Amino acid sequence: MFSGKGGVGKTTLSCGFARAWAEQFPQERLLLLSTDPAHSLGDVLQVPVEDKPQLLPDRPNLQVQALDADRLLKNFKARYGKVLELLVERGSFVAGEDLTPVWDLSWPGLNELMGILEIQRILREDNINRVIVDMAPSGHTLNLFGLMDFLDEFLNALNLFQEKHRVISESFAGRHQDDEADAFLEDMRSHLQAGRKLLQDSAHTACLIVAIPEPMSWFETRRMMESLDRLQIPIGGIFLNHMLTANADTDRLLEQNHILEKFQAIALDKPLIAVAQRDREPVGNEALDHLMQTLTPALAVAGATPAPSLDFQMPPRYEPTFPDLIETGHRLVIVGGKGGVGKTTVAAAIAWGMSDRHPDHAIRVISIDPAHSLGDAFGQSLGHNPIDLRPNLSAQEIDADALLNQFREDYLWELAEIMSGDTGDENLQVAYGPEAWRQIVSQALPGIDEMLSLLSIMERLESGDQDLIILDTAPTGHLLRFLEMPTALGDWLAWIFKLWIKYQDVVGRVEFMGRLRTLRKRVMQAQKKLQDPRHTEFIGVAQAHSAILAEAQRLTQSLADLQIAQRYLVHNRYEQGQPMPTEQFPQQTLIRLAQLPRYLPSDSGFAEVPLGQVQLASKLLF
């Protein structure tokens, strides 16, 4: 499994690794699988890649597949839908017919949920000898692995639903006869245990972390390794991509050698492999195969650390630049794009630039990426509670757990009681009480990050205590899930209202349903604000690489489908002679941001890196 910070080359290395393995083991069956909702296997392999596994022409033992979560849910429903509806019916007040519409709603966390079930199924059935998985960026990869605990607890809750049926059967018939629900619970428990065992078995599984020799990548790699250890997922090693040679810029070599020492410290006994920087993108069969032949131990690449240059040259500032986003009346700026293209630096720079220009306005920059790196960009530890960086500029990194605790208190505990149909009879507490529903609600629900982030941003905008909010978002696939969340949450609430109308004489809870109606109105208002170009500005970030540009085009189209305007695209790390094909983005104004220096001398007028890079970028963007 390949994962790491977005944009570091996970897909490139997973493709190259899969091709090398297929050549090394010609008698074995291999599968290269993408679980990232923003699939890019096809962009790197230069062949169409779909949900149906297909063989590569020159590697007849290697199949390639991009998982379609909606298709997997459809298959899951066909196989288990009726028995799951039966179990929920037995554990709640609703009839099975009321549950059928749920399958057609948009499920938060669907990609991670279907991804972990499919990976476990492939490993368990053992029809493929070797599986290479191109994972989503680190934050959502960790969410996927964390779903193993959620599924265990969810299964325990379903067992409590079935226990209600067993109690009733024994009360009226004197005994309980096992049925299809008992068989499902037993089979699923066995499957989940077997899948977890294989994923946590170092003889079968390894997570290979891809990184680049830059500070923000090192910070995220360290956090990911700590999380994988807690989840008991074996770590197979670290690939350091884009390693520079001795003839590179002095400040970049200085940074690389310094960071290399830090990577060596966290790698311990794990392999640390260097992947050299290429003049051209390694896309297509020939380039990928050549890339894999050049892998070397990272320490063998490190040369003598050069002395830092004392001469500072201000990078060029290119026209056009951004307009003043406060003078234009905007309240929300969303910065998005493929992982690793520089979203966080651009978001931080916009916030810094606006705070420079408007000392009398309150500005906040917020990270909603579960793999936060906003604090890394500012060189300061951030958390869920906002921290003042300047008198008029604050920053925070949304903590989904903290938001979820409040959301439970506001809505979920009471919703669990409603769904349980609690009779209040203490003698039948296991069978009838809300224990099972509370058990579900007490978990870190899959896909909850995007929904809770939306509610948090809504609250900030409604309070009016900030004049401008800048969002540093998750990579493309999960950014789109955030932007789709108003529609998804609105549909779920509408389903709950229909249930309540049908069963209101039994359920009651008029005051609670009034609060849910208010919530839905707020969500719909948030959607209107996201779609209002006078209120919300979406700014894309990209670099001049084919895979990045292909994903940027898909993002632009998805935004148009969501009726969200995108007027600007930042060409990050722009260098002379590296133009971006503007014909691919005819509706966007291109903002060019030059390559930022890795080292800033004390007399440059800027703070030390990384904050100094943010300050410098703010001067170049406005």
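The values are calculated or read from the model by the stated rules, or taken from the named source; none is laboratory data. Treat the numbers as computed from the prediction; the structure is a model and nothing was measured. All Cβ positions, glycine included, derive from the backbone under ideal geometry; neighbour counts span all protein chains shown. To get the accessible areas, we keep the full protein, side chains included, count just its heavy atoms, and leave off ligands, DNA and RNA. Shrake-Rupley method; radii C 1.70, N 1.55, O 1.52, S 1.80 Å.
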Would a scan of region 383-393 turn up a residue that is touching a strand residue (DSSP E or B) at 6+ places or on another chain (Cβ under 8 Å) and open to solvent by less than 10 Å² (accessible area, probe 1.4 Å)? yes
Those residues of region 501-514 which are touching a residue at least 60 places away in the same chain (Cβ under 8 Å) and open to solvent by less than 70 Å² (accessible area, probe 1.4 Å) amount to TYR503, VAL507, PHE512
Within region 590-622, residues being hydrophobic (A, V, I, L, M, F, W, C), closer than 14 Å to GLN313 by Cβ and in contact with a Lys or Arg (Cβ under 7 Å, 6 or more places away or on another chain) number 1
Within 27 Å of MET354 (Cα to Cα), part of a helix (DSSP H, G or I), among the aliphatic types (A, V, I, L, M) and open to solvent by 30 Å² or more (accessible area, probe 1.4 Å) - does that describe any residue in region 522-534? no
Scan region 364-378 residue by residue and report those that are open to solvent by 10 Å² or more (accessible area, probe 1.4 Å), in contact with a strand residue (DSSP E or B) (Cβ under 9 Å, 6 or more places away or on another chain) and assigned to a loop (DSSP other than H, G, I, E, B). ILE368, ASP369, HIS372
From the option list ALA267, ALA211, ALA274, single residue qualifying as more than 19 Å from GLY7 (Cα to Cα) and surrounded by 18 or more Cβ atoms within 10 Å (Cβ to Cβ) is ALA267
Looking at (1) open to solvent by less than 40 Å² (accessible area, probe 1.4 Å); (2) of a type outside the set (A, V, I, L, M); (3) closer than 21 Å to SER355 by Cβ, find the lone condition where LYS619 falls short. (1)
So, LEU155, is that one assigned to a helix (DSSP H, G or I), surrounded by fewer than 18 Cβ atoms within 10 Å (Cβ to Cβ) and free of Cβ contacts under 8 Å to residues at least 60 places away in the same chain or not? yes
I need the strands (runs of 3 or more DSSP E) fully contained in region 16-81, keeping only those with at least 2 residues that are open to solvent by less than 50 Å² (accessible area, probe 1.4 Å). 30-34, 59-66
Residues in region 569-594 that are farther than 24 Å from GLU537 by Cβ and either under 26 Å from the mean Cα position of the chain (by Cα) or of a type in the set (D, E, K, R) (or both) total 1
Among the residues of region 535-563 satisfying the criterion of being more than 20 Å from the chain's Cα centre (by Cα) and either farther than 22 Å from LEU41 by Cα or modelled with pLDDT of 95 or more (or both), which is surrounded by the most Cβ atoms within 10 Å (Cβ to Cβ)? GLU537
Identify all residues within region 2-15 that are assigned to a loop (DSSP other than H, G, I, E, B) and open to solvent by 20 Å² or more (accessible area, probe 1.4 Å); write none if there are none. LYS5, GLY7
If I filter region 108-118 for residues that are farther than 21 Å from PHE17 by Cβ, assigned to a helix (DSSP H, G or I) and of a type in the set (S, T, N, Q), do I get at least one hit? yes
Filter result for ASP229 (open to solvent by 30 Å² or more (accessible area, probe 1.4 Å), of a type in the set (D, E, K, R) and touching a strand residue (DSSP E or B) at 6+ places or on another chain (Cβ under 9 Å)): yes
Among the residues of region 338-363, write down those that are at positive phi and either acidic (Asp, Glu) or open to solvent by less than 30 Å² (accessible area, probe 1.4 Å) (or both). GLY342
Do the conditions hold for LEU84, that is, is it aliphatic (A, V, I, L, M) and farther than 27 Å from LEU288 by Cβ? yes
What residue, of ALA307, ALA276, ALA348, ALA265, is within 30 Å of LYS619 (Cβ to Cβ), of a type in the set (A, V, I, L, M, F, W, C) and either at pLDDT 95 or above or within 29 Å of the chain's Cα centre (by Cα) (or both)? ALA348
Given (1) open to solvent by 40 Å² or more (accessible area, probe 1.4 Å); (2) part of a strand (DSSP E or B), identify the lone condition not met by ASN143. (2)
Do we find that HIS571 is farther than 21 Å from GLU327 by Cβ, surrounded by 15 or more Cβ atoms within 10 Å (Cβ to Cβ) and in contact with an Asp or Glu (Cβ under 9 Å, 6 or more places away or on another chain) in this structure? no
Those helices (runs of 4 or more DSSP H) completely within region 262-363 that have 2 or more residues that are of a type outside the set (A, V, I, L, M, F, W, C) are 285-293, 343-357
Counting only residues that are in contact with a Leu (Cβ under 7 Å, 6 or more places away or on another chain) and in a helix (DSSP H, G or I), how many does region 201-218 have? 0
Quick check: is even one residue across region 177-200 closer than 30 Å to LEU13 by Cβ, open to solvent by 40 Å² or more (accessible area, probe 1.4 Å) and outside any helix (DSSP H, G or I)? yes
Regarding region 590-610, can at least one residue be identified that is under 30 Å from SER456 (Cα atoms), aromatic (Phe, Trp, Tyr) and surrounded by 17 or more Cβ atoms within 10 Å (Cβ to Cβ)? no
Could you list, in sequence order, the residues of region 568-589 that are without any contact (Cβ under 8 Å) to a residue 40 or more places away in the chain, more than 17 Å from GLN313 (Cβ to Cβ) and either of a type outside the set (A, V, I, L, M, F, W, C) or not in a loop (DSSP other than H, G, I, E, B) (or both)? LEU569, HIS571, GLY577, GLN578, PRO579, PRO581, THR582, GLU583, GLN584, PRO586, GLN587
Would you mind telling me which numbered condition in (1) over 21 Å from ILE212 (Cα atoms); (2) open to solvent by 10 Å² or more (accessible area, probe 1.4 Å); (3) under 23 Å from the mean Cα position of the chain (by Cα) VAL335 fails? (2)
